[in-house]
Amino acid sequence: MIEQWLEDNLRGRARHAIGYNADETGRVARSEYAFGERIAFGFNANEKDRISRSCEYNTLTREAFYPLLEWGWDRRICIEYIRSVLGITWKKSACVYCPFNALRDDAIERQREHPRQVADAMRLEHLSLALNPRGTLYKGRSLIQITVEAGNNAAVLTYRKGIESEEWALYRVRRIFSAKGKADRAVEKLDVFVGPSEARCNGPRYCPL
């Protein structure tokens, strides 16, 4: 029986029980088990604020580590390394719908290269604004407004064609506020229309006088 147990456990998959107590988080983090759960993030050595925020999400079974920080690689070194290996200059990137993007001139210009993705983000914001006029993607202004003002006509045209070709629906939104900024919301779908023209023509009959 002992021989069979050894055969099954040594040749098969083994599970490890490690007797660290709840105060020994450092030992847990350095254990082989924890090492198997580590996640590498590509923040460079100049992004210490992002690294600090990322560390707040570490748990006993999920630990982030930052190889570029350990190597002392800043953005310039990373770009030079990629150029030496691939022969190209890697452009700075960001999600087109990221609400944390400051959307400076370089980001606006980058959006021109991806009109389809920008249009998708505008549609997402459109749905948000339909339920809440304050639901802009960016604080104080909407991506739709930003894109129109930037003259990104390709993205605007794709966005408008998309929402005009979809079904529209009329919703009733009600809120009960229990405190400032805190409310319970009820959303009810009242009707569905084949497009925006039908929604605008037929929708008002549902509105209370």
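Each value in this text was obtained by applying a stated rule to the coordinates, not by laboratory testing. All of these numbers come straight from a predicted model, not from anything done at the bench. Every residue, glycine as well, gets a Cβ built from its backbone with ideal geometry; the counts of neighbours run over all protein chains shown.
Tabulated data for the structure shown
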{"item": "Computed over segment 71-119, Kirkwood Rh from alpha-carbon pairs, angstrom", "result": "12.5 Å"}
{"item": "Simple label model, 7 Å out from Cα along Cβ direction - LEU127 to LYS92, nm", "result": "3.1 nm"}
{"item": "For segment 141-194 and segment 84-105, distance of Cα centres in Å", "result": "27 Å"}
{"item": "Sites LEU157 and HIS114 - FRET efficiency at Förster radius 22 Å, r taken between beta-carbons, to 0.05", "result": "0.95"}
{"item": "Net lengthening on full extension, ASP105/TYR81 (0.36 nm per residue, minus Cα-Cα)", "result": "6.0 nm"}
{"item": "Kirkwood Rh and Cα Rg combined as Rg/Rh, segment 92-166", "result": "0.94"}
{"item": "Two-site FRET efficiency, LYS139 against ASN46, from Cβ-Cβ distance with R₀ of 22 Å, rounded to 0.05", "result": "0.30"}
{"item": "Integer Hz, Karplus 6.51/-1.76/1.60 couplings in order for segment 76-92, x for Gly and Pro", "result": "4, 5, 4, 5, 5, 5, 4, 5, 5, 8, 9, x, 10, 9, 6, 7, 5"}
{"item": "Among VAL118, PRO99, GLY87 the positive-end extreme of the charge dipole of segment 79-203 (Cβ point charges)", "result": "PRO99"}
